[in-house]
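Colleague: Starting off with a structure, shown below.
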Amino acid sequence: MGLENGRRAANRCEAANALPKGIKMKRKEIDEFETLHGQLKAFHTEMNTLVKKNPNDTLNKFKLGLVNSVLTKANSFLGKARLPFADFQSFDDSGLPSTSDVLMILAQYLSAFEKFRADNIYEGSFGKWYWSGGEQIPTSLPKKLEK
């Protein structure tokens, strides 16, 4: 039994070194990903709270500016091929969106970021997950495997 587990772990390490899909992530890219992902999650949490109070309330210009700033950076990070919606870049400042509209878009961006992360991580030995790349930078398991 122990020998079989050792073989499986060795096979996972060999597969991880081959990195068949995704790209090799550099520390700077991982830091940028984690910063943007954290900001998107924080906005999502805040919007979720506001939506529960009144889903049709409009977002004020200050908050919209902050959300749009993060969305612009997220668009640049993801690239055209990974955007949640090809024709959406940011919210229009002239017509303030509802909190529920913003929440819906943020949820789509969070899904796109999780897909990006899942495509660029691998399981190493002992069930630990790492970003693909030269260094072994730890991360959590993909959301689709949680629970």
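The values are calculated or read from the model by the stated rules, or taken from the named source; none is laboratory data. Everything numeric here is computed off the predicted structure, so don't read it as measured data. Backbone-built Cβ (ideal geometry, glycine too); neighbour counts: all protein chains shown.
Colleague: Check whether at least one residue in segment 65-75 is part of a loop (DSSP other than H, G, I, E, B) and surrounded by 16 or more Cβ atoms within 10 Å (Cβ to Cβ), and report yes or no.
Modeller: No.
Colleague: Shifting gears a bit: Given the residues Phe33, Phe116, which is the only one that is closer than 21 Å to Lys144 by Cα and in contact with a Gly (Cβ under 9 Å, 6 or more places away or on another chain)?
Modeller: Phe116
Colleague: Right, next: Evaluate the following for Phe43: is it hydrophobic (A, V, I, L, M, F, W, C) and part of a helix (DSSP H, G or I)?
Modeller: For Phe43, the condition - hydrophobic (A, V, I, L, M, F, W, C) and part of a helix (DSSP H, G or I) - is met.
Colleague: Could you check, for segment 118-138, whether at least one of its residues is within 16 Å of Glu29 (Cα to Cα), modelled with pLDDT under 95 and assigned to a helix (DSSP H, G or I)?
Modeller: Yes, segment 118-138 contains a residue that is within 16 Å of Glu29 (Cα to Cα), modelled with pLDDT under 95 and assigned to a helix (DSSP H, G or I).
Colleague: With the structure loaded, tell me whether Ala86 is surrounded by fewer than 18 Cβ atoms within 10 Å (Cβ to Cβ), aliphatic (A, V, I, L, M), modelled with pLDDT under 95 and within 21 Å of Gly134 (Cβ to Cβ) or whether it fails that test.
Modeller: no
Colleague: Regarding segment 94-104, can at least one residue be identified that is surrounded by fewer than 17 Cβ atoms within 10 Å (Cβ to Cβ), in contact with a helix residue (DSSP H, G or I) (Cβ under 7 Å, 6 or more places away or on another chain) and closer than 28 Å to Glu29 by Cα?
Modeller: Within segment 94-104, none of the residues are surrounded by fewer than 17 Cβ atoms within 10 Å (Cβ to Cβ), in contact with a helix residue (DSSP H, G or I) (Cβ under 7 Å, 6 or more places away or on another chain) and closer than 28 Å to Glu29 by Cα.
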